[in-house]
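Engineer: Could you have a look at this structure, given as structure tokens, before my questions?
The values are calculated or read from the model by the stated rules, or taken from the named source; none is laboratory data. Quick caveat, the model's predicted, so the values are computed rather than measured. Note that we place each Cβ from the backbone using ideal geometry, even for glycine, and neighbour counts take in every protein chain shown. To get the accessible areas, we keep the full protein, side chains included, count just its heavy atoms, and leave off ligands, DNA and RNA. Shrake-Rupley method; radii C 1.70, N 1.55, O 1.52, S 1.80 Å.
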Amino acid sequence: RCGVCNQILPPFCKFSNEFKNLTFVYAHVDECPETTQNIRYTPTFHFYRDGERVDEMFGAGEERLRDRLWLHS
């Protein structure tokens, strides 16, 4: 994992317990190439509703991620 990914992973895990109504999926670009083939920046966060991607966020930032999760919860 890249340094930025390592930095945001603990908050990502914490938020998965905080936002119980959301489903969190972690995919490592090197370990899941078929799933992550269209990822150009790491970390990338995709947000889905009813099977459709409705938002995405590039880069780390604990508060930015929390705000985006709150928006979609």
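Engineer: Considering only the stretch 1-54, how many residues are at pLDDT 95 or above, open to solvent by 70 Å² or more (accessible area, probe 1.4 Å), in a helix (DSSP H, G or I) and not polar (S, T, N, Q)?
Structural biologist: Matching residues across the stretch 1-54 total 3.
Engineer: Also, quick follow-up: Inside the stretch 55-73, can you point out the residues that are open to solvent by 70 Å² or more (accessible area, probe 1.4 Å) and not acidic (D, E)?
Structural biologist: F58, R64, W70, L71
Engineer: Within the set of pairs 6 or more residues apart or between chains, which connect a residue that is among the aromatic types (F, W, Y) inside the stretch 50-70 to a residue that is surrounded by 14 or more Cβ atoms within 10 Å (Cβ to Cβ) with Cβ atoms less than 9 Å apart?
Structural biologist: F58/T42; F58/P43; F58/T44; F58/F45; W70/F19
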